[in-house]
Amino acid sequence: MSRSYRHGSNQAATVVAVAADVMAIILGLWILFALLDANRANDLVTVVHDAASWLAGWSHDLFTMDTDWLRTVLNYGLPAVVYLFIGHAIAGRLRRG
């Protein structure tokens with residue numbers, strides 16, 4: 001295999017890993033904002049909430065606990081872990097391939 005081909009796959013793996021990390025960071029930020037009762041009128045909080053809601057759309061109301069903070073942590077934390085796991089698994093596979 002040529003060196004440039006391997007370098008290209010490493011770049012692709014890096015892009016996939018960084019994308020997974022960014023998605024997990026957005027979800028983690030929303031969990032933090034929700035737990036700290038951040039001002040939802042703030043533009044940053046609104047952007048993070050909208051992005052996190054879109055990223056975690058498949059897991060909304062997956063867990064229906066009575067405790068709001070626990071429900072938020074589970075419903076947004078699970079997608080963060082899934083994105084990290086799958087993203088880094090794909091990146092590892094790209095690096096080996």
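Just give me the residues in the stretch 39-50 being farther than 15 Å from VAL73 by Cα and of a type outside the set (Val, Ile, Thr), in sequence order.
Answer for the stretch 39-50, where residues must be farther than 15 Å from VAL73 by Cα and of a type outside the set (Val, Ile, Thr): ASN39, ARG40, ALA41, ASN42, ASP43, LEU44, ASP50.
Being in contact (Cβ under 8 Å) with a residue 24 or more places away in the chain, aliphatic (A, V, I, L, M), open to solvent by 20 Å² or more (accessible area, probe 1.4 Å) and under 12 Å from LEU29 (Cα atoms) is the filter here, so list the residues in the stretch 45-97 that pass it.
ALA51, VAL73
Exactly one condition in (1) at pLDDT 90 or above; (2) in a loop (DSSP other than H, G, I, E, B); (3) within 20 Å of the chain's Cα centre (by Cα) is false for LEU32; which is it?
Failing condition for LEU32: (2).
Name every residue in the stretch 46-79 that is within 16 Å of the chain's Cα centre (by Cα) and of a type in the set (Val, Ile, Thr), in order of residue number.
Listed by number, the residues that qualify are VAL47, VAL48, THR72, VAL73.
Would you please name the residue that is nearest to ALA13 (Cα to Cα), looking only at residues in the stretch 54-67 that are part of a helix (DSSP H, G or I), at pLDDT 90 or above and touching a helix residue (DSSP H, G or I) at 6+ places or on another chain (Cβ under 8 Å)?
LEU55
Tell me whether the stretch 3-15 contains one or more residues that are part of a helix (DSSP H, G or I), of a type in the set (Gly, Ala, Ser), on the phi < 0 side of the Ramachandran plot and open to solvent by 50 Å² or more (accessible area, probe 1.4 Å).
yes
The values are calculated or read from the model by the stated rules, or taken from the named source; none is laboratory data. On a predicted model such as this, the values are computed, not experimentally measured, just so you know. Ideal geometry is used to build each Cβ from the backbone, glycine not excepted, and the neighbour counts take in all protein chains shown. All accessible areas refer to the heavy atoms of the entire protein, side chains included, with ligands and DNA or RNA removed. Shrake-Rupley method; radii C 1.70, N 1.55, O 1.52, S 1.80 Å.
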